[in-house]
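Working notes, beginning with the structure itself.
Please treat every number below as a calculation from the coordinates, not as lab data. Worth saying up front: this structure is predicted, and the values here are computed from it rather than measured. A quick note on method: Cβ atoms are made from the backbone with ideal geometry, for glycine too, and the neighbour counts reach across all protein chains shown.
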Amino acid sequence: MRDKLEKVIEIKDLSFGYDKFLINKANLEIYKGDFLGIIGANGSGKSTLLKLILGELKPKSGSVKINNIAVCSKSDLREIGYVKQLNMENQIAFPITPLEIVKLNLYDEMKIFKIPRSEHKNKALNALASVRLSDRYNYNFNTMSGGEKQRVLIAKALVNNPDILIFDEPTAGVDYDSKEVLFNILQHLNKNHNITIVVVTHELEFSKKYFNRIIEIENEELNELEEVNYEHLSI
Ligand SMILES: Nc1ncnc2c1ncn2[C@@H]1O[C@H](COP(=O)(O)OP(=O)(O)O)[C@@H](O)[C@H]1O
Ligand SMILES: [Mg+2]
């Protein structure tokens, strides 16, 4: 069955460690439409694995391919939206609005194509609408709740129309109801916009109902847990 699925991320014989190995000859294929959870003990290498996928770290050996092209040979990774782990406070030192934050990611495009300002504003507003923050685009980001800040950062990642979204601990510092809102938004993006989603989390009890696959980093390997559910994928 897996033969028919489109690979969007392919990890092959991947090894990496800072002093000792965290990941040793690990393999993983992530398919278009997956909503994949990654779990593992503190310090097992979850954030490190994401940095390897994003090309921020270079493997000791093995490879990571995104849409069939080695990450190390790509000039940009526009097809991936990355929402990194928030720090506890997540304050920005000056007043800034969600609209301004989302527009930060359009900077490259502005330089190259000279798209009219109104079009940029519309793109940013559309991204904020897809995380249900249309009514708050002009708020002070610093006064927003943890869950709302996280949604602003998702909109920032979405504004370039990525086909993969990657999250590192998106529910850290977010209260229970806001976690539900957050994951419902991710589920909508996954099902209705066909965005592949990869989430590192230590809150498996809360989030497992959303995932179709769960991978655990253990003994320097990437092990798949439980029954895999491909029902929602159109194959
Ligand atoms: N830049 C670094 N240099 C050296 N060691 C690091 C660095 N980043 C992380 N580590 C170590 O690598 C291990 C895995 O870190 P990390 O990937 O952040 O784990 P996780 O996200 O699973 O908690 C930890 O022991 C951490 O201290
Ligand atoms: Mg981490």
- Note on the structure: If Lys156, Lys32, Lys121 are placed from fewest to most neighbouring beta carbons inside 10 Å, the sequence is Lys121, Lys32, Lys156
- Scattering from the C-alpha atoms of the chain alone, worked out with Debye: what is log10 I(q)/I(0) at q = 0.08, 0.13 1/Å? -0.30, -0.81
- Note on the structure: Which of Ser145, Ser118, Ser15 fluctuates most in a GNM of the chain (C-alpha springs under 10 Å)? That residue is Ser118
- Note on the structure: Per-residue Cβ contact counts at 10 Å, fewest first, order Asp34, Asp13, Asp177 as Asp177, Asp13, Asp34
- Task: Sequence neighbours fewer than 8 away in the same chain don't count; with that in mind, list the lysines whose C-alpha is under 20 Å from Lys4.
- Result: Lys12, Lys32, Lys65, Lys191
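In debye, nearest 20: dipole of segment 136-235 around its Cα centre with unit charges on the Cβ of K, R (+) and D, E (-)?
780 debye
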- Item | Residue exposure sequence - Ser73, Ser61, Ser130 - by fewest surrounding Cβ within 10 Å | Ser73, Ser61, Ser130
- Indicate the gyration tensor shape class of segment 120-195 (rounded, prolate or oblate), computed on the Cα atoms with a ≥ b ≥ c the square roots of the eigenvalues: a/c under 1.5 is rounded; otherwise a/b larger than b/c is prolate and the rest oblate. oblate
- Message: Tell me the mean residue ellipticity at 222 nm calculated for the chain from its helices only (DSSP H runs of n ≥ 4, each -39500 (n - 2.57), averaged over every residue, nearest 500).
- Response: -8500 deg cm²/dmol
- Item | Eligible aspartates and glutamates near Lys103 by straight Cα distance, threshold 15 Å, same-chain separation 8 or greater | Glu119
